[in-house]
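The values are calculated or read from the model by the stated rules, or taken from the named source; none is laboratory data. Keep in mind that this is a model prediction, so the values were computed, not measured. We place every Cβ from the backbone using ideal geometry, glycine too, and count neighbours over all the protein chains shown. With ligands, DNA and RNA removed, areas are computed over all heavy atoms of the protein, side chains included. Shrake-Rupley method; radii C 1.70, N 1.55, O 1.52, S 1.80 Å.
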Amino acid sequence: QVQLVESGGGLVQPGGSLRLSCAASKKINIINTMGWFRQAPGKQRELVATITRFGAINTAQIVRGRFTISRDNAKNTVYLQMNGLNPEDTVVYFCNALLDGGNYWGQGTQVTVSS
């Protein structure tokens, strides 16, 4: 089992940047895959980006070139650097950890892009 705590969301102007953080309660270098998903009201949760324990990265095409996932094993934290934000990025972002024993989610952090 693992607990995930997201932070870094907030209000930003169009074209701005934010960095989301996801702190895990256990060593992330033994977690198969960690990632970021997002969900708008009334819509399905969608993939943003994932990173495996071996460092392989998958980024959704809709954010490719603007968003970058990374991790700091020493801090047991995964990050999502978001640049070039636009109003369509206004949703709740969730951290995810996929372990052999299950699939775990954080509580979510709201990102609002507005002038």
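Note on region 23-38: among residues that are touching a helix residue (DSSP H, G or I) at 6+ places or on another chain (Cβ under 9 Å) and within 13 Å of ILE51 (Cβ to Cβ), the one that is surrounded by the most Cβ atoms within 10 Å (Cβ to Cβ) is MET34. Identify, please: which residue in region 22-42 is within 14 Å of GLY108 (Cα to Cα) and at pLDDT below 95 and is, among those, farthest from the chain's Cα centre (by Cα)? Out of the qualifying residues, it is PRO41. Checking ARG53, ARG45 one by one, the residue that is at pLDDT 95 or above and among the charged types (D, E, K, R) is ARG45 and no other.
Summed over region 81-115, residues that are open to solvent by 60 Å² or more (accessible area, probe 1.4 Å) and closer than 27 Å to GLN1 by Cβ total 7.
If you scan region 2-48, which residues turn out to be touching a strand residue (DSSP E or B) at 6+ places or on another chain (Cβ under 7 Å) and at positive phi? The answer is GLY8, GLY10.
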